[in-house]
Structures are given as structure tokens and as C-alpha cells.
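Nothing in this text is a laboratory measurement; each read-out follows from the coordinates by a stated rule. Everything quoted here is computed from the prediction, not taken from an experiment. Note: ideal-geometry Cβ built from the backbone for every residue, glycine included; neighbour counts use all protein chains shown.
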Amino acid sequence: MDKFILKYFNAIRISIAITIGVVISFFLIFLISKNPGASLSYLFLSPFLSSIRMENLISAASPIIFCGLAIAIPFQARIFNVGAEGALFIGSVTGVVFAIVTKMPPLIHIPLTLLVAGLAGGIWGLIPGFLKAKWNTSELVVSLMMNYVAYFFGLYIINYYFRDKAAGALVSLKISTSVWIPTLPFFSRTSWTIVIALAFAFLVYFLLYHTTLGYEIRTTGFNQHFAKFGGINVFKIIILAQIIGGFIAGVGGMTEMMGIHHRFNWQISPGYGWDGVVVAIIGRNHPILIIFASLFLAYLRIGGQYLNLMSDVPYEMVSVIQSVIILLITAEAFLVQWKERITVKEAERKEISHGTTS
Amino acid sequence: MGPLLDSILSPEFGFAIFRVMTPILFPAIGVAISSLAGSINIAMEGTMLISAFTGVMVSYFTKNLYLALLAGLLAGVIMGFLLGYFHLKLKADIILAAIALNMFASGSTIFMLFLIAKDKGTSISLRSLVFPKVHLPLIKEIPIIGEIISGHNILTYVAILSIIFVYFLIYKTPLGLRIRAVGQNPDAAESVGVDVKRIKLYSLLISGFFGALGGLYLSMGYVSWFGRDMTAGRGFIAVAASNLGGHLPLGVFISSIFFGLINATAIYLAPLRVPSEFTQLIPYVTTIIALTLYSIRVSRKKKTSKSEV
Amino acid sequence: MVPILEAKNIVKVYPNGVVANKSISISVEENTIHAIVGENGSGKTTLMKVIFGIEKPQEGDVFYHGKKVQVKNPHDAIALGIGMVHQHFMLAPDLTVAENLVLGHEPLINRFVLDTRKSQQITQEISEKYKLPVPINQKIKDLPLGIKQRVEILKALLRNAELLILDEPTSVLTPQETEVLFQTLKELKKYGKTIIFISHKLKEIKEIADKVTVMRDGRIIDTRNVEELSEHDISFLMVGRDISFERIPASETIGEPLLKVSNISFTNEENMPVLKNVSFEINAGEILGLAGIEGNGQNELVEILTGLRKMEKGEVFKKQEDLKNLSPRQLREKNICYIPADRMKNGVAETTTLEENFIVDRYYKPPFSRGFRLDWKYIEKYSKELINKFQILAHSSKTPVNSLSGGNIQKVVVARELSANPTIIIADQPTRGIDVGSEELVHNLLKDARDKGSAVFLISANLDEIIKLSSKIIVIYQGEIVARFDKVDGIRDVDLGHYMLGLKRGEA
């Protein structure tokens, strides 16, 4: 038993954190809802109750996966770039503009548009990356400010140059069908976006753990001095990690436009970048774990939407739960005493028994 | 440029600088104190939100300004405590824990706002008290200067007085000495029996206190209601302001005035047929530029050898 | 007579499972200088941390003046009258001497306001009382090491310490500064103080201590009066075998000059000239020792030679190849390797596996990777070979480095660096803070490399090490090479010390 706990300690810790988050949501619902039973079932069961909702869940998970990956790569290099939100936003704006002004057959148009969106996101990663690498400017503050810049600048571009005046809301012109990401076979509304997201997750996994670049990124994160001393070009890695992150976020944002909205329609920043931070923390920056964390978060989100719609409990309860969960997960010492007690017990048993004083 | 120049040269513009500086100066002081102790508080954004919300709600329910102030301050200090607890006791990375707390603040204030006001945007439907404006005797009579300096919200004056208070705290009190010692070499402080974690916690509590003042000013001075995410990045601009000011009282004051100036300019540009998206960009772009220039200077100081002569 | 301090059956297990103290009992008599010796990892520092309240033991009791005491933190220890001078000074660099001294129990004007004048007065008084002069209003960062240490001692005395623990106090001092420290300690003994002196320099123990306790592998081997034991006896107790103190004879085959450094100058951030026209040559098959007190430009010199810092003036050549301002990667490509002084900072990434630590300078080359893809199978096999060859005690190649002891971590660094087939080896404090066994292994490896025709540049604060290994010695003082010895036979550490302190200058 002890050995099992030691081996799977991290998984157990994360599960307990999630459980506590869920228990708190029970508690909150019982506190505020007039019909707690129904509210609970909206939150936790409704996402499974129809195939459409399941599909919604999967669709909701894809941008979160993208942003989780976008955050995880700089985080692995211990760079606190939280600019996925801005990269996602500016990537989508640029991608939509590109899609509107160009005409191509789908087979070229789709990948090229994604590439353009990714490059715009990459530039959003390059700026804090370069400032950090060159002058050690706080990437956290800069990337945060860049989120606001992306938002206002993006809206300016859309509202002043590509606005669909026929539409009632502030949205862009429609993008041509040649850049629509088609629906998956056998699904009614889930597009290929989820497949692209999963492919990215596996690519990032391969990148981080099986390539020289991934080794450089992780080593920079473990100990920057050591990396520098060993000959790794830390300057380059700090910038590159953030460019790649921004690229993935940009692609992720654009897939939303190409798969679902078919035009730019975000009037407020969608918050996927922050979801990315959440799932990167829950998944401990591991791409494969990020997939599961994103599905979990999407599940809470879909449940939260039904809860909001059908009951007297607002959607933001999900934000409360998720922040409690990540707070507990970042707390390195949360449950560690328990682990240490077991470790010490094991070591004492081994050492003292064959220890004789000479 | 004509109309802009006219309005910038008007006393109202000078007045506006102080008005918009206040919600940056308070959290910047908070960030500075926590940084001096070596545990930077970037949960200011969340702290301000929670306090802004608490103040408005308590004011609505009790109709008592003092209780609202007290509750708002308490909420801010609790945020500081939570960050301290998770960072110092549970060994969370202070940046990640702060990110989580900011999310918590954003989500929970909207959550509560909906429960109480049945609105997810603002609390305009709930009447909140505001902190009074103060007209300085004598000074208000002075032309121009009086118009700029007098008539501000009382919290603006509190913010400026806080600079003196913090100077005194840091350089003249044992707590200040210990805060500096802990920030410079925690082991040294530990070795003479100073409880490092406790000092760091105190610094986070104090920083929460100042963050709270910033939040209260926003919702009960700057305007008279709470709006979702109404801090709009000021908590982070405060981090930049604290850095720019070298975490020292006077420096923080000057850099906050600078950010006040930029924000006021942005506001004055708004009616001048400049796209609003552009004017809203200005504070954020300026923060990036200012922070970059500052870090260039710091890294020059570190690296160059003779260019300084 | 009741001993001033007694510890009984102390058991300390660290959270990572390392058992540092395995039921230790020790007693220290009042008004003695009691030395504790042992290899690194033998548990002596841990024992002191337990006594001083920094670490909590799982089992065991501490008695002070015969009374059982609970020391939960340094505060408790200080209250009892125990003071500790740590190996790394516990001083806040931007505060003044006086501020550092009163920190923790500051004199006040009223409940809230500091009394600065009183602080200065207190500092003055204690410094005069024990005849240890210090510049009261200077910031710590502007003081030399010996003075910083003095401030540390005063700090303990100000808190009425009657038992002083000094953790390897001489490791950063020159022989001359050490002499001054020993005078101070003897003086303090006259004032009735008790001193626990941790060291692994046997000569010093013979000189200063009354009693000596030898520790090995988390246990106490013996406690004796110093006069009963010779240096040899103590070292035998420490490692359970004889170790040689003889000089390693210079290699017979000296080749052509490999590393040629001429006229390197460097001015630092504060506009201080840190290196002034430093020149030297190292031939193939030679070890050149650089002696000097720390902080006389060695760090900057090493950083320049390893590509971590750009130089302003001067030239570096490997044979005909210009090495000036190349990147660390480019230098490594030219078969130059580097054993860093601070192994935890530069030498390893402690939270990751041995495998990932072994490949940091070669992951991009076949067979470690092909194209951009890492070959983990090969890396594992290769790592296991290094672990065996360099006798690294580790469960597997996937063990995280921070679960190893200090000596084994150093072996990880040395294994990586020397397995790169270097022709030039820059060894900066290669054996600092490691046990005698590992030290000997490292020394032998450096000697082997030398015999195979490598040029070795040895930077060390440990003069015994310099004298033992070097074929030639240069001495650095305030950024200048102040002495050169082309023959090492017959040189004593005091001779070098005079140059290191700037008391003498040779033809440089």
C-alpha cells in the first residue's frame, strides 16, 4: 500500500484536489440552490445525457487543449508566459482577415490559413520572449499586457475594416466555405478540429520528450545556468518556447472560427487562454495529461452552461471550482507531509535494522 | 493635435492624473512591500476585485461607509493571507498561486454579483455609498494648483500619505528592517531567530491591505458600483510600476504618476475621433515599453563595464 | 563535570529518505574547543543543524547544562546560549554591520521606532569587548570575507552565546586569515566560551582543538583528546583506510603549449578592474594550479574561459585556434571541458534524471540523437556505463540527481566532463565540499587526463590540493598574477599565502 502511494503520489494528489473542488461545488449548490438535487444533476450529469451534449463537450475541449499546450511549452522552460489568450485572439483575427481576402481551393486554403493564424500568434509569443531573453523583462507582465493589446487591436481591425454591417452584432464578414473545417464523419456537429487538437498534443509530446529541442526546452526549465553552461543557447530557447506556444494558441483560435463560427464573432475575449493555464497546471505541463484535463474542464463548462440555463446557480461557479482545484495542485506541500511520513518510515525500517554502531 | 494640447494644458488634466493614478499607486505600494520581502504579490488584480466587490456589497446592505471600508480592507488582507498560506505553508509557486487567486477573484465576484444583484455585468442596481471628496482649505484657493490638487477623493490623499507611511515603515521600524533583511538574505534573518515566513506573511498582508484600498477606490470613489473585472489589468500595471520604482516608496510614487499621466492622456484622447480601441490600447502598450526600458537599464548596469563613466 | 551539551541517540531521516544521523550520541565539555571531523555526507552538518534547531530529528534528545531541552528553531538555540557561524555567511548584503548585528532584537525608541544610534553603540561595545574591530556603518557587501566572518562571530557573541558552533570556518580563508581566526578562538576560550569546530582539515584540528569527534556514514566513530591522535590516526578513523598526502609527481612527458592566455583584462559592473593583464600557458601533460583567495578575479577568469562572459581585452588560443569570445557550445566543440565551482548551480539540473544530466553537452550529436530525435535507449545504456565507470552510487540512471549525496553529484559532473575526451580541462574547485574518497577519485582522474596529454587548469582555494596536483602554480591577487612557480617541489602553503594576501610580489 505504502509503495503504491509513493509511486502514484502525484496522480493521487491531483485526484484529491479535484475531489475537493467537486465537494465544494456540492456544498455551494446546497447553499444557494432552491432545488439542489436538480442543480447537481445539471452540472454533473447533463453533459452525458445526450449525444449532442457529448459532442459539445468534445468541441469545447479542443480550444482548451490548444491553449493548454500553448501554455505548457513555455511553462516547461519555466517561463511564465500567460499570453495564450492574446495569441489566440490575434491569431483568429489575422486568420479571418487572411481567409476573407484570399481565394484558394480548400486543400491549400485550410492549412495556409491555420499557418497564418499560427504565425500571428507566434509573433505574439515572440515579443515577450525576446524581451525576456534579451533584457530579462518580466514575461508575465508583458504577456498579460499583450493580451489586452491583442484584444483592442484585434477589435479595431475587425470593426473598422472587416465588419459585417448587415449583421446585427459586431462581427466580421463571413469566411468562404473553402476554409471551413468540415464535420467529422458519424458526428452531427463535431468538426475535425478535435482531431487537429489531439494531433497537436501528440506532436507536442513528441517534441518535448523525444527531440533535441524538447530536451533543450526542459533543461532550460530545470536549471537555466546549467543549460547555458552545457552549451544550450538559452536565449534562443526562451524565445522559441514562447513562439511555439503562441503559434499553437493562434492555430487553436482560428480552428474555432473555421470549425464553428465561420466568421470572427468574439466581442469579449473568450478566456480559453486562461483555461489553458488551468489545464496546464492540472496536467502538470504534460501534453497527454492536458488532453484529459481539457476534457474534464470542458465537462465542467458544459455542465455549468446547463446549470446556468436551467437553474438558479450561475455559470461562474465553475470558475470558482477550477481555481480551487489549481490552487490545491500548485500547493506542492499539499499532502506531502503524508508522503514524507511514509518515505521516512520506509527508510527508517531499512536503515536502522542493519545499522550497528562500530 | 490642437484640441488635445488644449485639454492637456488645462488644470482638469492635472486633476485627472491624480484621479487615475490612485488605483495604480495603491496596488503598486502593495507589490513593492511584498517584493522587498522577496515574495512578489501578483494577486493584486484579484485582491482589488474582491475588495471592490466587498466594499460595494457591505455598503449596500449596511449603508455604513466605515463598515464597508473595514470589510473591504479585511477582504484584501484575507487575499494576502491566502497567497501567503499557499505559498509559504503549502509551498505553491507564488506566481501560479497568484494566478489561481486572480481567477478565483474574477469568478467568485461575478458569481456573487449574480446571486445578489441578478446581474453579471455591474452592480448599478444596488446603490453604493462612495468615499467623500475633500476640498483642501487654503490650497483650493490657489489658482491652477488648487484646481489640480484640491477636491480629490479622500482615498487619493490617503494614497499619497501612504508613501510617507511606507517610507517610515521600511526604514524606521523593526518590521521594515526585517522585511529588507528577509528579502536580501532569508537565511541571515532565520539565523538570528527572525521568523522568515512570518515576515513574508506580514508583507503579503500589508500588500493585501493596500491592494484593498485600490479596489475600494475603484468601486466607491472612481465610480459607485462594481463591474465584472473592473480592475482591467491595473493590478498588473502596478507590478510594472513597482518594478519601475525600484520597489522604493518615492520611486513607486513617481512611476505611478507616470502611469496616471498616460491613462489620463488616453482618456482625453477618447472624444477626439480617435478609435476608442486605440485609446484603450495606450496604457498597456506604455506599460510594455516602460517595463522594457527599465529592464534595459537594469541589465546595462549589470553587464556593461565602462560605458557608464 | 556536567558537559555543556549532550545529544543522545539522534536519528535524522530527510524527507527524500536519506538517513543522515543514525542514532548519534555526543557530549561536549565546557570551555573546550571540540572539533568534529568527517567526510562530507558523514552527517556532521546535519547533527549541528539538529542542535541548532534548523532540522528536527525523528528521535533523540538534546541536553544543555544537563537539562533536557527542546530546540525547535534557531530562536530556541540562541535563547539557550548557542550560536552558530555558518559556512555561507548569514548576513544581509545591503544592510550595515550594525543593522545586521541587531537584527532580530532591534533596540527601539518606543514600541515602533528603531533606535539607530543605540544599534551603533551596541555594535561598538561588543566589538571592543572582544577586541574584534569592524566598520560599523559599512554595508556588508563591501567587506572582505575575513571581516564578514568576524561580524558573524560578533552576532553570536552579542546574543550571549556561550557555545559557538563554527561550520568549516576556514574553508574560505587564507592561511594568514586562518591564523587570525585561531587567535580569536583561543581568545574566546579564555572568556569561558565553548567552541565546536567543524572541519576536515586535519592540520587545523591538531593546531586548535582540545577534543576531536570523528564521524563516518552518519555515525560517531570515536571521541578522543587531540593529543592522543596523529593526523594520520584521524584520517584513518575518518575513512577507515589510509589516504595519501603526497604530491603527485609531475608527468614526464610535457608536450607543446595547448592553452595560451595573454593579457586578459576585465572591468566589472562597478567599474572595478577585476582582471589585469592575466597571461599564462598550459602545456599538454601539465596541471597548472591557480592559487588565490576567492573573489580575486578567479570567477571572472573562469567565466571568460568557458564562454559565459565576454572579455574586453586579451587573447585566448588553443594552439593556433582563436578562442576569443566563443560560446560555451563552440568551446566544448573544441574539446574544452569545465568542472564548475558551484555544482548545484552550473553542474547539474538537480530535479531531473542522471541520464538528462549526462547528455547536456552532447545530446545533439549522434549517437545520442539522430537528426532531431533523441535515442533514449542508447542514452540509458551510455549512462549506465558512466555510472559504473565513475563509481556513482545511484539506484538507476533514471534517479533524480538530488537524491544523491554531494560527493556523488560531483562524480556525475566529473563523469560527464571527463568522458567528453577533453584536451583542455578547466577544473574550478573540483573537490569542494566532497568526501575524501570522492576527492581522491577526482584527483586520480585529473592526473590520468594529464598523463594522457590533456592540459589541466586547476582553480582551487584549497592549497593542499593545489600543491598536491599542480605541475606549475600561479598566484592571483586582485586580478593580477603576482607569482609564478615553475617548480612546485618544496613550496609550502604559507609561501603561497604571502602572495595571495598581497604581502609579497614575484616577477609576474
Seminar exercise, completed: Magnitude of the Cβ-charge dipole (Lys and Arg +1, Asp and Glu -1) of the range C:376-466 about the Cα centre, nearest 20 debye, reported as 500
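Quick one: if the Förster radius is 25 Å, what FRET efficiency do B:Leu138 and B:Ile164 give, using the C-beta to C-beta distance and rounding to 0.05?
Details: r = 20 Å, r/R0 = 0.81.
Here the calculated transfer efficiency is 0.80.
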Problem set entry | Along principal axes, Cα extents of the range C:325-411, largest first, whole Å | 34, 31, 23
For this session: Please find, in a Gaussian network model of chain A (springs between Cα atoms separated by less than 10 Å), the residue of A:Tyr161, A:Tyr215, A:Tyr306 whose mean-square fluctuation is greatest.
Result: A:Tyr161
Seminar exercise, completed: Simple spin-label estimate for B:Phe61/A:Asp2, 7 Å along Cα→Cβ, in nm, reads 5.0
For this session: Step through the residues of the range C:375-386 one at a time and calculate ³J(HN,Hα) from phi using the Karplus curve (6.51 cos²θ - 1.76 cosθ + 1.60, θ = phi - 60°), rounding each to whole Hz and writing x for Gly and Pro.
Result: 9, 5, 4, 5, 4, 5, 4, 4, 4, 4, 4, 4
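Thinking of the range C:45-90 as a set of Cα atoms, what percent of all their pairs are more than 15 Å apart? Present the calculation step by step, with values, prior to reporting the outcome.
Working: 404 of 1035 pairs.
Every Cα pair in the range C:45-90 considered, those over 15 Å come to 39 percent.
What value, in deg cm²/dmol to 500, does the helix sum -39500 (n - 2.57) over DSSP H runs of n ≥ 4 give at 222 nm once divided by the residues of chain A? Walk me through the numbers before you get to the answer.
On the way: 15 runs with 262 residues, N = 358.
About -24500 deg cm²/dmol.
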Exercise. In vacuo Debye scattering of the range B:3-47, one point per C-alpha: log10 I(q)/I(0) at q = 0.17, 0.28, 0.34 Å⁻¹?
Worked result: -0.59, -0.93, -1.10
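Would you calculate, for chain C, the mean residue ellipticity at 222 nm contributed by helices, counting each DSSP H stretch of 4 or more residues as -39,500 (n - 2.57) and dividing by all residues, to the nearest 500?
Working: 16 runs with 158 residues, N = 508.
-9000 deg cm²/dmol, from helical runs alone.
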Exercise. How large is the dipole of the range B:189-265 about the Cα centre if only Lys and Arg carry +1 and Asp and Glu carry -1, each at its Cβ, rounded to the nearest 20 debye?
Worked result: 80
For this session: Apply the Debye scattering formula to the range A:143-245, with a single equal point scatterer on each alpha-carbon and no solvent, then give log10 I(q)/I(0) at q = 0.12 Å⁻¹.
Result: -0.74
For this session: With all distinct Cα pairs included, what does the Kirkwood hydrodynamic radius of the range C:151-232 come out to in Å, to one decimal, could you say?
Result: 13.7
Seminar exercise, completed: With R₀ set to 35 angstrom, the calculated FRET efficiency between the beta-carbons of B:Leu272 and A:Met104, to the nearest 0.05, is 0.25
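For C:Arg247 and C:His395, compute 0.36 nm times the residue count separating them, minus their Cα-Cα distance, and round to one decimal in nm.
On the way: separation 148, 0.36 × 148 = 53.28 nm, distance 3.50 nm.
That works out to 49.8 nm of additional length.
Tell me, what is the Rg over Rh of the range B:87-151, with Rh the Kirkwood radius over Cα pairs? Could the numbers behind the result be given before it?
Details: Rg = 20.8 Å, Rh = 16.0 Å.
Dividing the radius of gyration by the Kirkwood radius yields 1.30.
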For this session: Return the whole-Å distance between the Cα centroid of the range C:89-128 and the Cα centroid of the range A:117-172.
Result: 52
Exercise. How far is it, in nm, from the label point at C:Asp210 to the one at C:Lys8 when both lie 7 Å from their Cα along the line to the Cβ?
Worked result: 2.3
For this session: Please report, in whole Å, how far the alpha carbons of the range B:1-76 spread along each principal axis, starting with the longest.
Result: 46, 39, 16
Seminar exercise, completed: Using alpha-carbon coordinates alone, the radius of gyration and Dmax of the protein assembly as shown in Å work out to 32.7, 102
Exercise. Where the eigenvalues come from the Cα gyration tensor of the range C:361-508, what are the semi-axes √(5λ) of the equivalent ellipsoid, largest first, in whole Å?
Worked result: 36, 17, 13
Exercise. For C:214-224, what's the mean count of beta carbons from other chains sitting within 10 Å of each residue's beta carbon?
Worked result: 1
Problem set entry | Cα pair distances of chain B binned at 10 Å [whole percent] | 6, 25, 33, 24, 9, 2, 0
Exercise. Could you list log10 I(q)/I(0) for the range A:22-69 at q = 0.17 Å⁻¹, which the Debye formula gives when each Cα is one point scatterer?
Worked result: -0.65
Exercise. Based on the mean of other beta carbon atoms within 10 Å per residue, what is the order of C:251-259, A:5-13, most packed first?
Worked result: C:251-259, A:5-13
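Can you tell me, using C-alpha contacts under 8 Å and at least 6 residues apart, the relative contact order of the range A:204-296 as a whole percent?
Numbers: 45 pairs, mean separation 17.1, N = 93.
With pairs under 8 Å counted, the relative contact order is 18 percent.
Å³ per residue of the Cα convex hull, for the range A:49-194?
On the way: hull volume 21.3 nm³, N = 146.
That works out to 146 Å³ per residue.
To the nearest whole percent, what portion of all C-alpha pairs in the range B:149-200 is separated by more than 15 angstrom? Mind showing how you got there, number by number?
Numbers: 726 of 1326 pairs.
Taking all Cα-Cα pairs of the range B:149-200, the fraction more than 15 Å apart is 55 percent.
Could you give me D for the range C:258-303, from Stokes-Einstein at 25 °C and 0.890 mPa s, where the hydrodynamic radius is the Kirkwood radius over C-alpha pairs? Units µm² s⁻¹, please. Present the calculation step by step, with values, prior to reporting the outcome.
Values: Rh = 11.7 Å.
Reported coefficient: 210 µm²/s.
Kindly work out what percent of the DSSP beta bridges joining two residues of chain C are antiparallel, to the nearest 5.
Details: 45 of 82 bridges.
For chain C, the DSSP antiparallel bridge percentage is about 55.
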Exercise. Between C:Lys186 and B:Lys197, what is the spin-label point distance in nm, taking each point 7 Å from the Cα along the Cα→C-beta axis?
Worked result: 4.5
Problem set entry | Cα centroid separation, the range A:40-116 to the range A:179-235 (Å) | 14
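Can you give the percent of C-alpha pairs in the range C:138-276 whose distance is more than 22 Å?
Details: 5599 of 9591 pairs.
The calculated P(r) of the range C:138-276 puts 58 percent of pairs beyond 22 Å.
Using only C-alpha positions, report the orientation-averaged shadow area of the convex hull of the range A:23-103, nm², one decimal.
Values: hull surface 37.0 nm².
Spelled out: convex hull of the Cα atoms, projected over all directions, averaged, 9.2 nm².
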For this session: From other protein chains only, count the Cβ atoms within 10 Å of every residue's Cβ in A:148-159, then give the mean.
Result: 5
Seminar exercise, completed: Projecting the Cα atoms of A:His262, A:Phe226, A:Val251 onto the charge dipole of the range A:219-358, where Lys and Arg contribute +1 and Asp and Glu -1 at Cβ, the residue farthest towards the positive end is A:Phe226
For this session: Give the peptides C:272-283, C:331-342, A:136-147 in descending order of average Cβ contacts within 10 Å, highest first.
Result: A:136-147, C:331-342, C:272-283
Exercise. Relative to the compact globular guide of 2.2 N^0.38 Å, what is the alpha carbon radius of gyration of chain A, as a ratio?
Worked result: 1.10
Exercise. Could you state the number of Å between the C-alpha centres of the range B:189-247 and the range B:36-115?
Worked result: 10
For this session: Any chance you could get the radius of gyration and Dmax over the Cα atoms of the range C:230-381, in Å?
Result: 19.8, 60
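For the range C:1-135, take the alpha-carbon Rg, divide it by the Kirkwood Rh, and send me Rg/Rh.
Values: Rg = 17.9 Å, Rh = 17.3 Å.
Taking Rh as the inverse mean 1/r over Cα pairs, Rg/Rh reads 1.04.
Find the Cα radius of gyration of the range C:405-482, compare it with 2.2 N^0.38 Å by division, and give the number to two decimals. Before the final figure, lay out each step's value.
Details: Rg = 12.7 Å, N = 78, 2.2 N^0.38 = 11.5 Å.
Ratio of Rg to 2.2 N^0.38 Å for the range C:405-482: 1.10.
Computed FRET efficiency, Cβ-Cβ of C:Asn225 and C:Met272, R0 60 Å: what is it to the nearest 0.05? All intermediate terms of the calculation are to be shown ahead of the outcome.
Values: r = 48 Å, r/R0 = 0.80.
Computed FRET efficiency for C:Asn225 and C:Met272: 0.80.
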For this session: With N set to the residue count of the range A:164-204, report its C-alpha Rg divided by 2.2 N^0.38 Å to two decimal places.
Result: 1.62
Exercise. Looking only at Cα atoms, what is the convex hull volume of the range A:109-200 per residue, in Å³?
Worked result: 151
Exercise. With the calculation restricted to Cα positions, what are the radius of gyration and Dmax of chain C in angstrom?
Worked result: 24.2, 75
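Divide the volume of the convex hull of the Cα atoms of the range A:238-340 by its number of residues and quote the answer in cubic angstrom per residue. Write out the running numbers ahead of the final one.
Values: hull volume 15.1 nm³, N = 103.
So the per-residue Cα hull volume is 147 Å³.
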